[in-house]
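Encoded as structure tokens, the structure appears first; notes follow it.
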Amino acid sequence: MSLALIFSGQGHQHAGMLPWLAPDALTQALCERLGVADWRAALADTAWARRNRNAQQLITATALAAWRQLADELPEPLGIAGYSVGELAAFGAAGVLTPTDALALAAQRAELMDEASRATPGGLMGVSGLARDALLSLLRDTPLAIAISNGADRVVLGGPQRALDDFEPLAGRHGARCTRLAVDVASHTAAMQPAADGFAERLRLVRFEAPRCPLFSNTAQRIWRADAAREALARQIASTVHWDDCMDQLAMRAPRCVLEIGGGQALAGLWNQRYPDIPARSADEFRTRQGLSRWVAQCCSA
């Protein structure tokens, strides 16, 4: 076993993603849930694509459909993790949730997060090139929080849209690079605590299994039991995602290669910057499933 799997989060979905993905029962269920004939055509509408309810279901369903179509051609993963909403797909791939339950939970997660954000519209912004101490100093008198930690000088901030608007030029004057993400809620901040509490209640009604392979949560803790998986999925909605630590946990298992499943190449890029000796690519880069499988086979046999 020499492959690690990472599942993409929100913000990089696009109409041409995963070009080799064939229609199946899961993508059909996705279209029925979203009320569209073709999820790719729907993604061409930027406003539709960034809507939280649409995005979270689409990311979960397409990632799990992609893994189901790849699984028989790839080695069993030595570790699995998912980034933000990508945890639902990761937990599905690890056998903790059925694909049907994961998709239903994606809709419920989005609904609860949207409800929590109605009072104060929020968002996310990537910030890089600023040392952590300097960043924390700038954040001190703002309502913003670190939603995701991707590295020592690479984070995603969450909070009210107006506060993000004000912080962007301030951070720029201190040498930071800022990128607004196509997400309309302040995920992984205290503003989402009502959503986390509500999701915990929903999760109690769903059957969970112990993972079939090593699975790591956004707190970088390994998930061994079904009850721990249930708790982790609820908690991460209102807590910082420690993706840098999560990558470290996977790297300690010494994979020969890492495959990101989802839209875009953001996670593969982060991995390659942190671990240049362990190649990572996104399933979104490949034109065919066969080409993807050949790349993994070449890495694992090297």
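Name the single residue, out of those in region 19-75 being surrounded by fewer than 19 Cβ atoms within 10 Å (Cβ to Cβ) and polar (S, T, N, Q), that is farthest from A89 (Cα to Cα).
Among those that are surrounded by fewer than 19 Cβ atoms within 10 Å (Cβ to Cβ) and polar (S, T, N, Q), it is T46.
Suppose we filter R230, R289, R253, R204 for residues that are over 18 Å from the mean Cα position of the chain (by Cα), more than 12 Å from I6 (Cβ to Cβ), surrounded by 15 or more Cβ atoms within 10 Å (Cβ to Cβ) and among the basic types (K, R); which single one remains? Steps first, please.
Details: R230 fails: over 18 Å from the mean Cα position of the chain (by Cα); R253 fails: surrounded by 15 or more Cβ atoms within 10 Å (Cβ to Cβ); R204 fails: surrounded by 15 or more Cβ atoms within 10 Å (Cβ to Cβ).
Step by step, each of R230, R289, R253, R204 is checked, and only R289 is over 18 Å from the mean Cα position of the chain (by Cα), more than 12 Å from I6 (Cβ to Cβ), surrounded by 15 or more Cβ atoms within 10 Å (Cβ to Cβ) and among the basic types (K, R).
Are any of the residues in region 178-201 surrounded by fewer than 16 Cβ atoms within 10 Å (Cβ to Cβ) and farther than 23 Å from A55 by Cα?
no
Taking the stated definitions as given, is L270 within 24 Å of G158 (Cα to Cα) and surrounded by 20 or more Cβ atoms within 10 Å (Cβ to Cβ)? First the steps, then the outcome.
Working: within 24 Å of G158 (Cα to Cα): yes; surrounded by 20 or more Cβ atoms within 10 Å (Cβ to Cβ): yes.
Judged against the criteria, L270 is a match.
Tell me, yes or no, whether region 127-147 has at least one residue that is in contact with a Cys (Cβ under 7 Å, 6 or more places away or on another chain), part of a strand (DSSP E or B) and either in the same structural domain as D248 (by TED's automatic domain parsing) or modelled with pLDDT of 95 or more (or both).
So in region 127-147, the residues in contact with a Cys (Cβ under 7 Å, 6 or more places away or on another chain) come out as 127.
Restricting the remaining residues to those that are part of a strand (DSSP E or B) gives 127.
Now narrow it down to the ones that are either in the same structural domain as D248 (by TED's automatic domain parsing) or modelled with pLDDT of 95 or more (or both): 127.
Yes - at least one qualifying residue is present in region 127-147.
Given the conditions (1) within 20 Å of Y83 (Cβ to Cβ); (2) free of Cβ contacts under 8 Å to residues at least 12 places away in the same chain, which single one is not true for R173?
The one condition R173 does not meet is (1).
The values are calculated or read from the model by the stated rules, or taken from the named source; none is laboratory data. The model shown is predicted, which means the values in this text are computed figures rather than measured ones. All Cβ positions, glycine included, derive from the backbone under ideal geometry; neighbour counts span all protein chains shown.
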